[in-house]
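The values are calculated or read from the model by the stated rules, or taken from the named source; none is laboratory data. This is a predicted model, so every value here is computed, not measured. Because the Cβ atoms are built from the backbone with ideal geometry, glycine has one as well, and the counts that use them run over all protein chains shown. Ligands, DNA and RNA are excluded from the accessible area calculation, which covers all protein heavy atoms including side chains. Shrake-Rupley method; radii C 1.70, N 1.55, O 1.52, S 1.80 Å.
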Amino acid sequence: MYPKVSPKVTLLVSSLEWGLCDMFLSMNSLEWKDLLSNPGPDGHIVQLYQEPDFYGEAISHFAVEGLIRGESIILVATDSNWANISKHLERHGLDIPQLFERGQLTLLNANDTLPKFMANGAPDGSIFKPLASQTIKKARCDGKYSRVRWWGEMVNVLYVDGNGNASHKLEQFFDEVAHEESIAIFCSFLMDRYDPRIYDEVFANVCSTHSNVIPTRDYLGHRNAINAAVEEVMGPIEGPLLQSLVSWSGVSGVPSSQAMLLWVKDTAPQYFHDVLARAKSYDVPDGKAANNE
């Protein structure tokens, strides 16, 4: 089950000629750039990505917005992904060596850092949390930077390697660190939002350990694809289905389109795989969405 909350539910009705109520659940979810600009004092945000440019753009946006605000940035990346991230940072005109020199940017290697706190294939919180605390303290530079943002991909390294349990456990530790240290944390998962397998357990775990989920670059395109798929597979949302949608208590912190998908899985699972497949055929890949912006 997905974690239950009491979201604000909003219904928008349009295109009545289609026989479809263009309904979606408003979870007070901001557009992804707004989320990453203002993640809150202890926000814990996750991005699902497949396209490297969206990946690099989101991470650099998170970092640059923090730098503009005088915050210190911690990045924990693999060598190959740092090449992508640094390219995006440089597009913003940043002098990366200068940021290193003044202590406002900290770079750690994900593959080198993971073994420092892993034990028997799982993260050891008694090692990880003090290590994270020391890293954050150093990033504050004796009070020069009171606020810290942390982006990392160690959880993704574990997930891609097939160690989902360890990945989820590490996310739980990171969530504790966000609250205990009052820092904003952002991570990125190489994950297909249209892969039905992630909805068996993985996506529920992601929702339970994050304040906000960014499943796509193009929220409007995703919403249109989901709504069209629901219309074609399930027909008009009316009667008991409409009552179910209005009263549904789902997850918070996800775009309305993702909430609609989760509602279908929870309340009409017999349609879920068909809706997911149809929506995928309608949606615009993140790379193409960027070219259309």
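May I ask you to list the residues in segment 69-128 that are touching a residue at least 60 places away in the same chain (Cβ under 8 Å), touching a helix residue (DSSP H, G or I) at 6+ places or on another chain (Cβ under 8 Å) and within 20 Å of residue 141 (Cβ to Cβ)?
Here is the first cut: in segment 69-128, the ones touching a residue at least 60 places away in the same chain (Cβ under 8 Å) are 69-78, 81.
Those still in the list that are touching a helix residue (DSSP H, G or I) at 6+ places or on another chain (Cβ under 8 Å) too: 72-78, 81.
72, 73, 74, 75, 76 - these are the residues of segment 69-128 that are touching a residue at least 60 places away in the same chain (Cβ under 8 Å), touching a helix residue (DSSP H, G or I) at 6+ places or on another chain (Cβ under 8 Å) and within 20 Å of residue 141 (Cβ to Cβ).
Note on segment 131-158: residues that are buried (at least 23 other Cβ atoms within 10 Å of the Cβ) and acidic (Asp, Glu) amount to 1.
Residue count for segment 159-180 under the criterion of being among the small types (Gly, Ala, Ser) and surrounded by fewer than 19 Cβ atoms within 10 Å (Cβ to Cβ): the result is 2. Name the single residue that is least open to solvent (accessible area, probe 1.4 Å) among those in segment 181-206 being free of Cβ contacts under 8 Å to residues at least 40 places away in the same chain and in a loop (DSSP other than H, G, I, E, B). So the residue we want is 195.
If you go through segment 276-285, how many residues are assigned to a loop (DSSP other than H, G, I, E, B) and open to solvent by 60 Å² or more (accessible area, probe 1.4 Å)? Write out each step before concluding.
Going residue by residue through segment 276-285, those that are assigned to a loop (DSSP other than H, G, I, E, B) are 283-285.
Still in the running and open to solvent by 60 Å² or more (accessible area, probe 1.4 Å): 285.
Final tally of qualifying residues: 1.
For residue 78, indicate whether it is surrounded by fewer than 20 Cβ atoms within 10 Å (Cβ to Cβ) and within 20 Å of the chain's Cα centre (by Cα). Walk me through it before giving the result.
Working: surrounded by fewer than 20 Cβ atoms within 10 Å (Cβ to Cβ): yes; within 20 Å of the chain's Cα centre (by Cα): yes.
In short, yes.
Of all residues in segment 236-275, those that are part of a helix (DSSP H, G or I) and open to solvent by 60 Å² or more (accessible area, probe 1.4 Å) total 9. Restricting the first member to segment 29-42 and to residues that are over 19 Å from residue 257 (Cα atoms), and the second to residues that are acidic (Asp, Glu), the beta-carbon pairs closer than 6 Å and six or more apart or on different chains are 37/65.
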